[in-house]
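The values are calculated or read from the model by the stated rules, or taken from the named source; none is laboratory data. Everything numeric in this text was worked out from a predicted model, so none of it was measured. Counting neighbours? That spans all protein chains shown, and the Cβs are built from the backbone with ideal geometry, glycine included.
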Amino acid sequence: MDGQDMKTYGLHQYPGKLFVVEGVDGSGKSTQIALLRQWLISEGYTVFFSEWNSSPLVKKTTSRGKKKQLLTPTTFSLIHATDFADRTEHDIIPPLKAGAIVLADRYVYTAFARDVARNVDSHWVRELYQFAVQPTRAFYFRVPLDVSLSRILTGRTELKYYEAGMDLGLSNDPHESFKMFQQRIVNEYEAMINEYNLTVMDATLPIPEQQRIMRQLVRPHLEGVRRFRPPVREKELLNLVRALQPTERYSDQSI
Amino acid sequence: MTELEFYGIDAIGLQNREDVLPGRLIVIEGPDGIGRTSQLLLLRPWLESSGYAVADSEMTHSDLAGAGLKQAKEGNTLGPITLNLFYATDFVDRFESQILPALRAGFIVLTDRYIYSLMARALVRGADPHWIRSIYGLALKPDAIFYLKGSLEDLIPRVLQGGGFSYWESGMDMHLGSDLFESFVRYQTLMLAEYDKMIAEYNFHVIDAKLPVELIAEQLKHHILPLLPAG
């Protein structure tokens, strides 16, 4: 064909950079990637952010499948791969070609962990995602299961059917099922650390400390990446924030 | 009995479950407009009048993904990898929720196309051959695959009679030609070449689509008869 041929994992070459955060729900990865994003923007880079399960094209099918409980482990895996393909074709490859920094909250490793926890064949699901771009660096936020569970389950009365892994028939109690399912997912993540050279982050450290480490690890990869505007100085940034937030609004907030 | 044999990894895990499939899986393949549907319409009553329960399954009609796929194809943002995986989702949903239960219940399953057309579509759109084969490797090997083989010249009048050239059947997403006809010619030529490559690999039973409809039906029945369960 005409140069439109699909590229497979590890064979994409783009001027942009791709950073990924992974980990179970409640590991704090979304907080960290949000902070990283703010920092990169303030440094003058163009940042494109992409979230798991966010394709507008696939959304209806996924929610239909979940609502009517039509999904088997295999079709659950396929519909998420379809969603991820749409993100790859729209949110990941074009910005990387344009030299941007792409940040992804969850990536293929989420699928490998969840789908294999659902007993989908691990080779098959890895083949399924062959079209994915290999990240510049992938951070895995490691957290003891009781910590992530208490973060997630505090204040939650209801767990969704697939979220709790109820389709696996591990337990009739959604909370119990969720815990067992999360344990399986953690096991899969741990096994992937070497396989995919994931950067392990200690997610029990204070938030600013985790962020400091992340920035330190990201910085060397930014050499040569084009800045679209000069970095904003810390002081100017504070002034900017003040200018954007009229003081009256703050004093009136109690009303 | 349809054997538990696969082209690749048994990702659904049928072998672990020691699934038993007393039915038969019969596939009719061929390009758009070659006359597959007419043959299926003749085969079904023939099988039923001989006492067999018949189930059919049609591409892009899954409960899960049929509507979403249709909608995605009507828009203008669908990329080739996403399209391939949407088709795969549709196929696997039909495979697990229509084809497998029917085979377990001893039905003769007639499918209007199977993984081969889906793979051909993907391959002409630049998909990595190893990738697409791995995905569809979870499909059962059918008891028989009949390929209605025709040339481009055979397709054109049939397509025109059937309502004209359509966007997707002409591969317009691939920007191969300046109008529907030019694109159709190039796209279907690529598709026919992919089918030809599959004949030996997947053991297609080739049937000349130029023959009269009744003669094709006779040939199909002749080959299907020995595959049917006794009684």
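The set of residues in the stretch A:109-123 that are facing another protein chain (nearest Cβ under 10 Å) and either outside any loop (DSSP other than H, G, I, E, B) or without any contact (Cβ under 8 Å) to a residue 24 or more places away in the chain (or both) comprises A:115, A:121, A:122, A:123.
Residue B:75 - would you say it is farther than 30 Å from residue B:218 by Cβ, surrounded by fewer than 21 Cβ atoms within 10 Å (Cβ to Cβ) and within 13 Å of chain A (Cβ to nearest Cβ)? So residue B:75 fits the description; yes. Looking across the stretch B:22-52 at every residue that is over 20 Å from the mean Cα position of the chain (by Cα) and part of a loop (DSSP other than H, G, I, E, B), the one that is nearest to the other protein chains (Cβ to nearest Cβ) is identified as B:22. Do we have any residue at all in the stretch A:48-56 that's modelled with pLDDT under 95, surrounded by 20 or more Cβ atoms within 10 Å (Cβ to Cβ) and either over 16 Å from the mean Cα position of the chain (by Cα) or facing another protein chain (nearest Cβ under 9 Å) (or both)? Checked against the condition, which is being modelled with pLDDT under 95, surrounded by 20 or more Cβ atoms within 10 Å (Cβ to Cβ) and either over 16 Å from the mean Cα position of the chain (by Cα) or facing another protein chain (nearest Cβ under 9 Å) (or both), the stretch A:48-56 yields at least one hit. For residue A:176, indicate whether it is assigned to a loop (DSSP other than H, G, I, E, B) and farther than 30 Å from residue A:10 by Cα. Taking the combined requirement at face value, the residue does not satisfy it.
If you go through the stretch B:166-211 and keep only what is assigned to a loop (DSSP other than H, G, I, E, B), within 21 Å of the chain's Cα centre (by Cα) and of a type in the set (A, V, I, L, M, F, W, C), you end up with B:168, B:204, B:209, B:211. Quick check: anything in the stretch A:127-136 more than 18 Å from the chain's Cα centre (by Cα), part of a helix (DSSP H, G or I) and modelled with pLDDT under 95? The answer is no; no qualifying residue exists.
Checking each residue in the stretch A:81-135 for being touching a strand residue (DSSP E or B) at 6+ places or on another chain (Cβ under 8 Å) and of a type in the set (Lys, Arg) picks out A:87, A:106. Could we say that residue A:113 is among the small types (Gly, Ala, Ser), under 21 Å from residue A:166 (Cβ atoms) and buried (at least 22 other Cβ atoms within 10 Å of the Cβ) here? Yes. Of the helices (runs of 4 or more DSSP H) lying entirely inside the stretch B:61-147, those containing at least 3 residues that are touching an Asp or Glu at 6+ places or on another chain (Cβ under 9 Å) and under 29 Å from residue B:208 (Cβ atoms) are B:115-124. Filter the stretch A:179-228 for residues that are hydroxyl-bearing (Ser, Thr, Tyr) and in a loop (DSSP other than H, G, I, E, B); which is farthest from residue A:96 (Cα to Cα)? Only one residue fits best here, namely A:204. Within the stretch B:97-132, the set of residues being of a type in the set (Asp, Glu) and either surrounded by 21 or more Cβ atoms within 10 Å (Cβ to Cβ) or more than 10 Å from chain A (Cβ to nearest Cβ) (or both) comprises B:112 only.
With respect to the conditions (1) crowded, with 22+ Cβ neighbours inside 10 Å; (2) polar (S, T, N, Q); (3) over 28 Å from residue B:84 (Cβ atoms), residue A:88 lacks only one, and its number is (3). Exactly one residue out of B:56, B:10 is touching a residue at least 24 places away in the same chain (Cβ under 8 Å), of a type outside the set (A, V, I, L, M), within 14 Å of another protein chain (Cβ to nearest Cβ) and not in a helix (DSSP H, G or I): that is B:10.
Scan the stretch B:135-149 for residues that are small (Gly, Ala, Ser) and buried (at least 21 other Cβ atoms within 10 Å of the Cβ) and the total you get is 1.
Of all residues in the stretch B:97-122, those satisfying the criterion of being within 30 Å of residue B:174 (Cβ to Cβ) and either acidic (Asp, Glu) or in contact with a helix residue (DSSP H, G or I) (Cβ under 9 Å, 6 or more places away or on another chain) (or both) are B:111, B:112, B:113, B:114, B:115, B:116, B:117, B:118, B:119, B:120, B:121, B:122.
Every condition in (1) outside any helix (DSSP H, G or I); (2) within 14 Å of chain B (Cβ to nearest Cβ); (3) surrounded by 22 or more Cβ atoms within 10 Å (Cβ to Cβ) is met by residue A:83 except one, and the failing one is (1). Being over 18 Å from residue A:57 (Cα atoms), of a type in the set (D, E, K, R) and away from every other protein chain (no Cβ under 14 Å), is that true of even one residue in the stretch B:88-96? No, the conditions are met nowhere in the stretch B:88-96. Just one residue in the set A:106, A:142, A:137, A:126 is basic (Lys, Arg) and within 11 Å of another protein chain (Cβ to nearest Cβ); that residue is A:126. When the stretch B:106-149 is filtered for residues that are on the phi > 0 side of the Ramachandran plot and in contact with a Pro (Cβ under 7 Å, 6 or more places away or on another chain), the ones remaining, listed by number, are B:106, B:126.
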